[in-house]
């Protein structure tokens, strides 16, 4: 195994490794590529969603705390559609209006709390949408890459057996397949895992903010519609 042959192997481009790989290794790489592209699409979309949610939450809460009553907030709530707390407000406000139209007061506090919790649950489900794909990619991509690595090693041993000697030319295609598959699996898994953990923390923070807003809404309701 000469130094020149080793240098030539190291200088192989990734594209040459992919093109020269077996059919199964190309299928593995295609699966990882699709998973990575979908993950990055979700990551970018979620990043924009959470960024907008934080800003809209702050703006809505400022307007809510300055408002004299629920009706004043309802007039401007459409301006804060990206805010999760605005959706919770909608659920609570509609329940308050249903009760107030009949008696002029809010007598059934349990019904109001259930309506607010329904709004919170709906917003939580919206925030968690597509998060399962990131978790799936983070957990399965390394194993898919490992499968491609095993295929590459098998191919390397087959080339070694057919050549009858330990030459780099015989094992290079299989080793290339194994290295590319390993790298592709990690490339797909690491961003998905990092994003899943980061977004999970943001969801917890937004959920805590919605829980706090439920209490603020109940307090305002008691002040405005107290008997």
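The values are calculated or read from the model by the stated rules, or taken from the named source; none is laboratory data. Everything numeric here is computed off the predicted structure, so don't read it as measured data. Note: ideal-geometry Cβ built from the backbone for every residue, glycine included; neighbour counts use all protein chains shown.
In segment 177-220, the qualifying residues are those that are over 15 Å from residue 42 (Cα atoms) and out of contact with any helix residue (DSSP H, G or I) (no Cβ under 8 Å at 6 or more places or on another chain), and the one that is surrounded by the most Cβ atoms within 10 Å (Cβ to Cβ) is 205.
Considering the conditions (1) within 21 Å of the chain's Cα centre (by Cα); (2) free of Cβ contacts under 8 Å to residues at least 60 places away in the same chain; (3) in a helix (DSSP H, G or I), residue 82 is excluded by exactly one of them, (3).
The residues on offer are 114, 107, 126, and the sole one that is in a loop (DSSP other than H, G, I, E, B), within 30 Å of residue 208 (Cβ to Cβ) and either modelled with pLDDT under 85 or touching a helix residue (DSSP H, G or I) at 6+ places or on another chain (Cβ under 9 Å) (or both) is 107. Among the residues of segment 81-104, are any closer than 30 Å to residue 142 by Cβ and modelled with pLDDT of 90 or more? No, segment 81-104 contains no residue that is closer than 30 Å to residue 142 by Cβ and modelled with pLDDT of 90 or more.
Quick one: in segment 67-79, which of the residues that are in contact with a helix residue (DSSP H, G or I) (Cβ under 7 Å, 6 or more places away or on another chain) and in a helix (DSSP H, G or I) is nearest to residue 137 (Cα to Cα)? So the residue we want is 77. Of all residues in segment 101-122, those satisfying the criterion of being over 29 Å from residue 48 (Cα atoms) and buried (at least 18 other Cβ atoms within 10 Å of the Cβ) are 106, 112.
Among the numbered conditions (1) under 13 Å from the mean Cα position of the chain (by Cα); (2) modelled with pLDDT under 95, the only one that residue 220 does not meet is (1).
The single residue among 89, 50, 64 that is surrounded by fewer than 21 Cβ atoms within 10 Å (Cβ to Cβ) and either in a helix (DSSP H, G or I) or in contact with a helix residue (DSSP H, G or I) (Cβ under 9 Å, 6 or more places away or on another chain) (or both) turns out to be 50.
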